[in-house]
Amino acid sequence: MYIGEALIGDGNELAHIDLTIGEKDGPVGNAFANGLSQLSVGHTPLLSVIRPNLMTKPATLIIPKVTVQDMDGASKVFGPAQTAVGRAVADAVEEGIIPEDKVEDWVINVSVFISPDAEDYRKIYQYNYGATKLAIKRALEGYPSMKKVLAEKDRGTHAIMGFKVQKLWQPPYLQVALDLDNLDVMENIINQLPNRERILLEAGTPLVKKFGVGVIGKIRELAPDAFIIADLKTLDVGRVEVKMAADETADAVAISGLGTIESIEKAIHETKKQGIYSILDMMNVKDFTGKLEQIKEELKPDIVLLHRNIDSESTKAEAGEDTSNMTEWGNIKAIKELTGSMVAVAGGVTPDKVGEATEKGADIIIAGRYIIGSKDVRRAAEDFLAHMPVDPDNMRVVLEEDENI
C-alpha cells in the first residue's frame, strides 16, 4: 500500500488530497469496494472519469471530505474535481509515474476537499489536478523521508491553521522578561519590540501574580505567533499550574529547581503531556548537577535556566562587591552533557555579554530591565539581536521535495 498527500492553491478553491494506492486484492482494494457499496449521506464516493463513459485507470474512487449538502456542492465534485482527478491519474500513467503494467492490478482511493465556498471551477480543476498528481508521485516515491519529517516538524506551518506554532529549533534566542505589574505598559512594550522570530516573550512572575495566568492569553492577543513563557516558578501542584498555563496557550512553563524531585518530575511530566516546553529555573539551587542527576532520564527539562538572583546581585553591588561573574555560565557544557537540555542564562544580562554567553553554549539570553526599562524598547532589543544570527527561516527557500531541507 502506498500513501500520498498534497495541498495546492489558496483561497476557497484550495485543494487538499489524501490517497492510497494498492493491489485490488489487498486492503486498498477492500476499501475501494467498501466505498462503492457502503454509501454515506453527503459523502457519496464516485469513480473518476476523463469524461462521461470513460473511466480512468487504475480505477480511482473519489471520496468527498466535506459533506455535500446541495446540488451546487455536488456539481463541484462531479464536475471539475472528478475530471481533475481522472486526468491526473491518466497523466501519471502517461508520464511513467504509475507503471503501465500496474494499471489493471492497482486501484486508488482519493479523498478530495472542496470548500462549500469555492466558486471558480477552473481553479477547482487546476488545484485538484496538481494536488492529485503530486500526491501520487509522493506516494510512489515514499515521500517524505523520516529525515525530512524530523527536519521540518518544528518549523513547518500549515496553510489553513491560521497561526504558527513556534519551536526552538535553531538557537540562540532573546527572551524578553516582562517583569511588570501594568497591562498598559506591557502592551506598549510588546508593540515596540521588533517582529523577530528570535524574540521570546516571558509573562514574568509579577504579571502572573497580579493578573493570573489569564495574562498569557492577553499577550497572545497582542502577539499571536509569539513563543510565550509562563514564569510560574512552580514549587508544588505543578501539574495543575502547568495545565492552567497550557490552557492559556503558553508555549513553555518555568518550574522552580528548589521544588522536590517529585514535584519537579510531575510538573515536567505535565508539560510533555501538554506538548509544551519545561524550563527548570535553578535560581538559588546550590548544586545544579546534583539536582539534575536525581531527575529521571525521561523527565529531564527541555531548558535549564541559570538564573542570577537580582536581589542578591543588588545587595552585593551596594556593598562594593564584583558581580560581573555571578551568572554560572561555567556550568553550561556540563549541564548539556548531563541532560541534553538547552540552557538559558538570566540575571542582569547586557548586550556586551551575549557573545560570551553564546560562546559558552547558552541557547537563550534572558533580558528584562535593559529592555523593559528603556525609553527606546526597539533599540534596546536590537542591541541584543545584533549579536545573534538572522532569524532561522529568513534565508530559507522551502522546496518541498528537497530532502536536505
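We did not get these values from a lab; they are worked out from the coordinates using the rules stated. Just so it is clear, the structure is predicted and the values come from calculations on it, not from any experiment. Virtual Cβ from ideal backbone geometry, glycine too; neighbours counted across all protein chains shown.
Provide the per-residue ³J(HN,Hα) series for the stretch 340-348, in order, calculated from phi with Karplus coefficients 6.51, -1.76, 1.60 and θ = phi - 60°, each as a whole number of Hz, with x at glycine and proline positions.
Once θ is set to phi - 60°, the couplings for the stretch 340-348 become x, 7, 6, 10, 10, 10, 8, x, x Hz.
Measure out, as a whole number of angstrom, how far apart the alpha-carbon centroids of the stretch 241-299 and the stretch 203-224 sit.
So the separation of the two Cα centres works out to 19 Å.
Once the dipole of the chain is set up with Lys and Arg at +1 and Asp and Glu at -1 on Cβ about the Cα centre, which of Leu183, Gly368, Val85 lies farthest towards its positive end?
About the Cα centre, the residue reaching furthest to the positive side is Val85.
Using 0.36 nm per residue of separation minus the Cα-Cα distance, give me the extension gain between Thr260 and Asp105 in nm, one decimal.
That pair, Thr260 and Asp105, stretches by 49.5 nm at full extension.
For the stretch 1-119, give me the percentage of DSSP beta bridges that are antiparallel, rounded to the nearest 5 percent.
Bridges in the stretch 1-119 that DSSP calls antiparallel: roughly 75 percent.
Considering amide H positions built from the backbone, and no H for Pro or chain starts, which residues 5 or more places from Leu200, or on another chain, come under 5 Å of its amide H?
Amide H neighbours of Leu200: Leu174, Gln175, Val176.
Return the sequence-ordered ³J(HN,Hα) values of the stretch 281-298 in whole Hz as given by the Karplus equation 6.51 cos²θ - 1.76 cosθ + 1.60 applied to θ = phi - 60°, using x for Gly and Pro.
Values per residue, Gly and Pro as x: 7, 8, 4, 6, 7, 6, 10, 4, 5, x, 5, 5, 5, 7, 7, 4, 4, 6 Hz.
Be a star and scan the stretch 1-18 for residues whose amide nitrogen sits under 19 Å from the point 7 Å along the Cα-to-Cβ vector of Asp25.
Within reach of a label on Asp25, which here means backbone N under 19 Å from a point 7 Å along Cα→Cβ, the stretch 1-18 contributes 1-2.
What are the ³J(HN,Hα) couplings of the stretch 89-104, residue after residue, when phi is run through the Karplus curve with 6.51, -1.76, 1.60 and θ = phi - 60°? Round to Hz, x for glycine and proline.
Residue by residue, the stretch 89-104 yields 5, 4, 5, 5, 6, 4, 8, x, 5, 9, x, 5, 6, 10, 5, 8 Hz.
With labels modelled as points extended 7 Å from the Cα through the Cβ direction, what inter-label distance (nm, one decimal) is found for Ile3 paired with Ala386?
Taking the simple label geometry, Ile3 and Ala386 are separated by 5.1 nm.
For the stretch 1-137, what is the charge dipole size about the Cα centre, in debye to the nearest 20, if Lys and Arg each add +1 at the Cβ and Asp and Glu each add -1 at the Cβ?
Roughly 140 debye for the stretch 1-137.
Any chance you could run the full-extension gain for Val165 through Arg122? It's 0.36 nm times the residue separation minus the Cα-Cα distance, nm to one decimal.
This chain segment gains 12.2 nm when fully extended.
Treat every Asp and Glu Cβ in the chain as -1 and every Lys and Arg Cβ as +1, leave all other atoms uncharged, and give the resulting dipole magnitude about the Cα centre to the nearest 20 debye.
Roughly 320 debye for the chain.
Rank Ile268, Gly290, Met244 by how far each Cα sits towards the positive end of the charge dipole of the stretch 234-305 (+1 on Lys, Arg Cβ; -1 on Asp, Glu Cβ) and give me just the farthest.
So the residue furthest toward the plus end is Gly290.
For the chain, set up a GNM with springs between Cα atoms under 10 Å and report which of Ile366, Ile98, Ile228 has the largest fluctuation.
In the Gaussian network model the winner is Ile98.
Under the rule of at least 5 residues apart or a separate chain, name every residue whose amide H is placed under 5 Å from the amide H of Val66.
Amide H neighbours of Val66: Ile114.
For the chain, give the share of DSSP beta bridges that are antiparallel, in percent and rounded to the nearest 5; count only bridges with both residues there.
Here the share of antiparallel DSSP bridges comes out near 35 percent.
Read through the labelled values (1) 23.3, 92; (2) 21.4, 60; (3) 27.2, 93 and report the label of the one computed as Rg and Dmax of the Cα atoms in Å from the structure.
Recomputing Rg and Dmax of the Cα atoms in Å here gives the entry labelled (3).
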